[in-house]
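Novice: The following block contains the structure, expressed as structure tokens.
The values are calculated or read from the model by the stated rules, or taken from the named source; none is laboratory data. Quantities reported herein were computed from a predicted structural model and do not represent experimental measurements. Cβ coordinates were reconstructed from backbone atoms using ideal geometry, including for glycine residues, and neighbour counts include every protein chain displayed. Side chains included, ligands, DNA and RNA excluded: accessible areas come from the protein's heavy atoms. Shrake-Rupley method; radii C 1.70, N 1.55, O 1.52, S 1.80 Å.
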Amino acid sequence: MNHFYNPVAVSFGAASAEAFADMLQNRYALVERVLVLTRGGDVEKSDSLKSVMHMLSKKETLLKEVTLYNPNCADILKLKQDIEPFGYELIVAIGGGSVMDAAKVLSALQRKQVQTVAQVREAITSEWYRGESHFTPWIGIPTTSGTGSEVTCWATIWDEECGSKYSVSDVRLYASEALILPELTVTMPMRLSVATALDAMCHATEAYWSVHTNTITRVYALQAIKRIRRTLPLLIEQPDDLALREQLSTASVLAGLAFSNTRTTACHSISYPLTMLYGIDHGIAASLTLAAVMRHNLAALIDPEKLLHAFGAADVDGVDHFIQSIYNQYGLPGRLGHYGATVEGIRHVVSLSYTKGRMDNNPVNLSSEELERMLVSLL
Ligand SMILES: [Fe+2]
């Protein structure tokens, strides 16, 4: 179906922050208690957030630092128990993907009574929230440029205990508003800057070829890839350059919009066990198979030359070369073996790579034998 929908009101840049704060004041005039989740490091004291924090100072607020990376069921239980007595009516998430994912899960499960990790797991895997009449509204202010979580309606929760990764997904989990402030991304460590940009590049590319691709998604996707391709090689020399950060923040939102309607495909599906078993950063893990999966999907792509052109490449080898050049430039290992993967380990990766809604969203079927051969070739 060639259809696109996204309800998030997006404001961009520090010059929009005051109008954004006014909009929140009007829209949430009757809200009294606001939960503010931050990534820590006093990010809420940033100059560009002054007007938003001033608006929030008129409310009763609970500020909670969420220094989580890839939150799991136990993290959610602890966070939920910590904040439960506050009775929040609105959540403001100022942080990266993990902070925004935590906001989404709290939004979906605020009214669910849970005392144990098993009960959190059950609430997520049974999709308890589907029958819930009220989702707490939330606002996203990303401090990284890659996740796109501020414009998607799902969150990822990890479960190392069960070797699984869950999706909390519902159309009511879209943020009501998002404020994109590239200034907030300048202090990101370089490795995180690169990993998140590669994540956005995969979101855009996978959205482009997804089973659920559509005309609007492909326009957003190509624009996102072009921006990342032009900008990422320059960031190493000028990490403080706001114009470069603006390009990457824009690319991240465009990629987020693109895959908000399609979700991801094989590269993300394979990345989850790579992250869980070998600790590879999410965006890097997704990018490690991007060129190989592109080669596998090539015959099924709509306008493949447009996708290759966005990468500045004439063929898939050119895309592979670009990705490898980014790894080399930033000192990142480009082979699975460098992260500790072995031939035997690959079989385990393959067994965990078939996430429902991701692998079956790939335009060309990828059998476990084909995947094993692909991953062994990337050792
Ligand atoms: Fe991702």
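Novice: Rank by packing, highest mean first: peptides 300-310, 285-295, with packing defined as the count of other Cβ atoms within 10 Å averaged across residues.
Specialist: 285-295, 300-310
Novice: Sticking with this structure for a sec: Name the shape class, rounded, prolate or oblate, that the alpha-carbon gyration tensor gives for the stretch 80-207, where a ≥ b ≥ c are the square roots of its eigenvalues, rounded holds for a/c under 1.5, and otherwise prolate holds if a/b is larger than b/c and oblate otherwise.
Specialist: Cα axes put the stretch 80-207 in the prolate bin.
Novice: List the extent of the Cα atoms of the chain along each of their three principal axes, largest first, rounded to whole Å.
Specialist: 56, 45, 40
Novice: Also, I was wondering about something else. Determine the sum of side-chain charges near PRO239: Lys and Arg each +1, Asp and Glu each -1, restricted to other residues whose C-beta is under 14 angstrom from that of PRO239.
Specialist: Around PRO239, the surrounding residues sum to -3.
Novice: Counting helices only, and only those DSSP H runs with n ≥ 4, report the 222 nm mean residue ellipticity of the chain as the sum of -39,500 (n - 2.57) divided by its residues, in deg cm²/dmol to the nearest 500.
Specialist: My calculation for the chain gives -14500 deg cm²/dmol from helical runs alone.
Novice: Once you sort the root eigenvalues of the Cα gyration tensor of the stretch 187-377 as a ≥ b ≥ c, which label holds: rounded (a/c under 1.5), prolate (a/b larger than b/c) or oblate (the other case)?
Specialist: Oblate is the answer for the stretch 187-377, as a/c is 1.5 or above yet b/c matches or exceeds a/b.
Novice: If you don't mind, another one. So how much accessible area does TYR69 have, in Å² to the nearest 10, using a 1.4 Å probe?
Specialist: 140 Å²
Novice: Rounded if a/c is under 1.5, else prolate if a/b beats b/c, else oblate: with a ≥ b ≥ c from the C-alpha gyration tensor eigenvalues square-rooted, which is the stretch 263-342?
Specialist: Values: a/c = 2.44, a/b = 1.48, b/c = 1.65.
Oblate.
Novice: Same structure again: Once you place label points 7 Å from the Cα toward the Cβ at ASN26 and LYS45, how far apart are they in nm?
Specialist: In this crude label model, ASN26 to LYS45 measures out at 3.3 nm.
Novice: Quick one: of the DSSP bridges fully inside the chain, what percent are antiparallel, nearest 5?
Specialist: Within the chain, antiparallel bridges account for around 20 percent of the total.
Novice: So, by mean Cβ neighbours within 10 angstrom, what's the order for 355-368, 208-221 with the highest one leading?
Specialist: The packing order, highest mean first, is 208-221, 355-368.
Novice: Counting only Cα atoms, I'd like the Rg/Rh figure for the stretch 9-183, Kirkwood definition for Rh.
Specialist: Numbers: Rg = 15.3 Å, Rh = 16.1 Å.
Rounded to two decimals, Rg over Rh is 0.95.
Novice: Oh, and also: Once you keep just the Cα pairs under 8 angstrom separated by 6 or more residues, what percentage relative contact order results for the stretch 237-379? Can you show the working numbers first?
Specialist: Working: 120 pairs, mean separation 45.4, N = 143.
So the answer I get is 32 percent.
Novice: While we're looking at this one, here's another question. Rank these residues by their accessible area, most exposed first, probe 1.4 Å: LYS112, LYS45.
Specialist: Heavy-atom accessible area, descending, gives LYS45, LYS112.
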